[in-house]
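Here is the structure we will look at.
Bear in mind these aren't lab numbers, they're just calculated from the coordinates by the rules spelled out. This one's a predicted model, so the numbers in the text were calculated from it and none came from an experiment. Methodologically, a virtual Cβ is constructed for each residue, glycine included, from the backbone with ideal geometry; neighbour enumeration extends over all protein chains shown.
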Amino acid sequence: MRIGVSLRSVYTVADARTGARWMIERAAAARAAGLDSLFVGDYHVIGTPYYQNTPMLGRLLAEWGDTPAGALYSLPLWNPVLLAEHIGTLASIAEGRFILQCGLGDGRRQFAAMGADIHRRASAFERVLATVRTLLAGGHVDGSRVAPVPSEPVEVWIGGSADPAVDRAARLGDGFLAAPYLTLDQARAELDLYRERCAAHERPVGVAAIRRDVHVGADAADAERRAAPVLSAGYRGFPPDAPVVGGPDEVAASFRELGDIGYTDVIVRHLAEDQAEVLHSFERLAAVGSNLT
């Protein structure tokens, strides 16, 4: 099983440079821990500082190595030519393979601000994905062509939790990205559905990734002490057993359960607020990875 990271992009700070610096420090910590992939997310007009994926990832790649990196893009919100140009440039900066994580996106305010129709997002998703893939392969779309194009094919992971989203991942993706709020039983059911739909579409089962929001403490008691204030506030409305909190042994055991049901990648996001604690948690993820091999 591989462990990657999706860096948190929202920071309520007095100086916007602080949040950006924290993301840079976290990317460096992820590399030092030997994590297998690096990602950032995609959201717009939320009213608090949100560090946008394309420029932020361009900076973070300076802290990364030759293992895969990428970003989530809510495809219906993007002009496909602009997005293909962004990905082509990012892929030329990255030393390793570029992974495009993508989904439908949500939020009426976000769609309105970006001039997108939330009611047609499923059809827009497929249109944008097809156009981006053609352009990144060096092809023409309506007389348009982009450059640079990636040196190796971009891998596409499609996220979602509704049945149509899982089917879309099986039909169109190179992998499936499961949601962070799933319980273990729900995660098993979603992966079973993904495999079933791959067989129905006569496509191979691709990468099976799941995000988990985590805190790795020095031991179980330390982790509980650090994470309890966040979890007791009803962390993001997640079921209590969806976040993974514990010492390296406990976290490795939780990840191993996901591997046992067939997930190939766990993409972590840290739930703690304190930057120093997050950096310590990254250090301990190295021990988690060692326990999985």
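Values computed for the structure shown
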{"read-out": "Rg over Rh, two decimals, the chain (C-alpha only, Kirkwood Rh)", "value": "0.95"}
{"read-out": "For ASP265, ASP36, order by how many other beta-carbon atoms lie within 10 Å, fewest first", "value": "ASP36, ASP265"}
{"read-out": "Label-reachable residues, the range 118-133, where backbone N falls under 15 Å from a point 7 Å from ARG171's Cα toward its Cβ", "value": "121-130"}
{"read-out": "Förster radius 22 Å - calculated FRET efficiency between ALA233 and ARG108 (Cβ-Cβ, nearest 0.05)", "value": "0.30"}
{"read-out": "Residues HIS215, HIS119, sorted so that the one with the fewest Cβ neighbours within 10 Å comes first", "value": "HIS119, HIS215"}
{"read-out": "Dipole magnitude (debye, nearest 20) for the chain, charges at Cβ of Lys, Arg, Asp, Glu", "value": "800 debye"}
{"read-out": "For the chain, calculated [θ]222 nm from helices alone, where every DSSP H run of n ≥ 4 adds -39500 (n - 2.57)", "value": "-14500 deg cm²/dmol"}
{"read-out": "Per-pair calculated FRET efficiency, R0 = 41 Å: ASP274 and ARG195 via Cβ, rounded to 0.05", "value": "0.55"}
{"read-out": "Charge context of MET114, other residues only, Cβ under 14 angstrom, K/R +1, D/E -1", "value": "+1"}
{"read-out": "Length-normalised contact order of the chain in % [C-alpha pairs under 8 Å, at least 6 apart]", "value": "19 percent"}
{"read-out": "Backbone N within the range 238-273 under 18 Å of label point (7 Å from SER161 Cα along the Cβ vector)", "value": "238-245, 258, 263, 266-271"}
{"read-out": "For PHE176, residues with placed amide H under 5 Å, excluding near neighbours", "value": "ILE158, VAL207, ALA208, ALA209"}
{"read-out": "Which of VAL141, VAL288, VAL13, VAL128 has the fewest Cβ neighbours within 10 Å, and the rest in rising order", "value": "VAL13, VAL141, VAL128, VAL288"}
